[in-house]
Amino acid sequence: MCQDCGCSLINNIVPQADQHQHQHKIDINQGILSKNERLAKSNRSYFKSKGLLVINLLSSPGSGKTALIEKMLQNYGDSWKIGVIVGDLATDNDARRLQSKGAPTVQITTGNACHLEAAMIARAAAKLDLDDLDLLVIENLGNLVCPAAYDLGEDLRAVLLSVTEGEDKPLKYPIMFKSAQIVVINKIDLAEAVEFEREKAIANIQKIAPQAQIFEVSAKNGQGINALHTYLFSLNCLY
């Protein structure tokens, strides 16, 4: 999939014979990113004009993004209007789950593309009544590599880390975590069972992303969700 977005070109050493072709790929990729940045800036201005807080939610597959959004809808959906744009390689399973909880939801199916782009978000957002929303959550593809390079026009980038993944994910995927304003440690109800080393995980997050607010939650039983909601609600009041 990386050949589709060009992320494989980062820090890649290429034989001399392939240098010309490699440079051509770099030029194309830089052009794509430059266009994406312009569109992201346009998205951000548009969302701001609507008084809307926008979160780009990222994680590896199975970390619990959809379950976290479901819990937020269950707890606060009546008082806080939350819309969702869901990105997946295939199927609309997550979108249907969230729609069943009452959230206005738009599905983006990318096929082979391993990330969402600002243009996709603009098209999806046009299908939502943004004036009727307080918060827009972009549930990005399950991928801790490719989406790191793509600004979507969000206000906040939130990276989800589940206790079942281990404590070293921030060290293995530093580019993703470095860009996060929020890191959510999910599935803390399983921490003891999987022998999750909390202090080590937090130290790793703080080493890579000292700017990030850290929240420890369980999307299953709701533990810690109130603290996350309170933080997001305080930011929403600024818009």
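The values are calculated or read from the model by the stated rules, or taken from the named source; none is laboratory data. Since this is a predicted model, take the numbers as computed values, not measurements. Note that each Cβ is placed from the backbone with ideal geometry, even for glycine, and that neighbours are counted across all protein chains shown.
Residue-level analysis places F196 among those that are at pLDDT 95 or above, among the aromatic types (F, W, Y), farther than 21 Å from N140 by Cβ and buried (at least 16 other Cβ atoms within 10 Å of the Cβ). Filter region 63-80 down to residues that are in a loop (DSSP other than H, G, I, E, B) and modelled with pLDDT of 95 or more and give me whichever is surrounded by the most Cβ atoms within 10 Å (Cβ to Cβ). Out of the qualifying residues, it is S63. Screening region 170-193 for residues that are surrounded by fewer than 23 Cβ atoms within 10 Å (Cβ to Cβ) and charged (D, E, K, R) and picking the one that is farthest from I121 (Cα to Cα) gives E192. Here is the figure for region 98-128: residues that are surrounded by fewer than 17 Cβ atoms within 10 Å (Cβ to Cβ) and touching a residue at least 40 places away in the same chain (Cβ under 8 Å) total 3. Looking at (1) at pLDDT 95 or above; (2) at positive phi; (3) not aliphatic (A, V, I, L, M), which is the only condition Y46 fails? Just one mismatch for Y46, condition (2). Residues in region 84-109 that are touching a Ser or Thr at 6+ places or on another chain (Cβ under 7 Å) and in a strand (DSSP E or B): V84, V86, G87, D88. So in region 189-218, with the set limited to residues that are in contact with a strand residue (DSSP E or B) (Cβ under 6 Å, 6 or more places away or on another chain) and part of a loop (DSSP other than H, G, I, E, B), which one is farthest from L52 (Cα to Cα)? Here the answer is V217. Each residue in region 71-90 was checked for being touching a Lys or Arg at 6+ places or on another chain (Cβ under 8 Å) and under 17 Å from A122 (Cα atoms), and 0 of them qualify. Kindly indicate whether any position in region 149-169 is in contact (Cβ under 8 Å) with a residue 24 or more places away in the chain, surrounded by fewer than 18 Cβ atoms within 10 Å (Cβ to Cβ) and closer than 23 Å to G77 by Cβ. So far as region 149-169 goes, yes, one or more of its residues are in contact (Cβ under 8 Å) with a residue 24 or more places away in the chain, surrounded by fewer than 18 Cβ atoms within 10 Å (Cβ to Cβ) and closer than 23 Å to G77 by Cβ. Kindly establish whether L136 is out of contact with any Asp or Glu (no Cβ under 6 Å at 6 or more places or on another chain), more than 14 Å from F47 (Cα to Cα) and not acidic (D, E). No.
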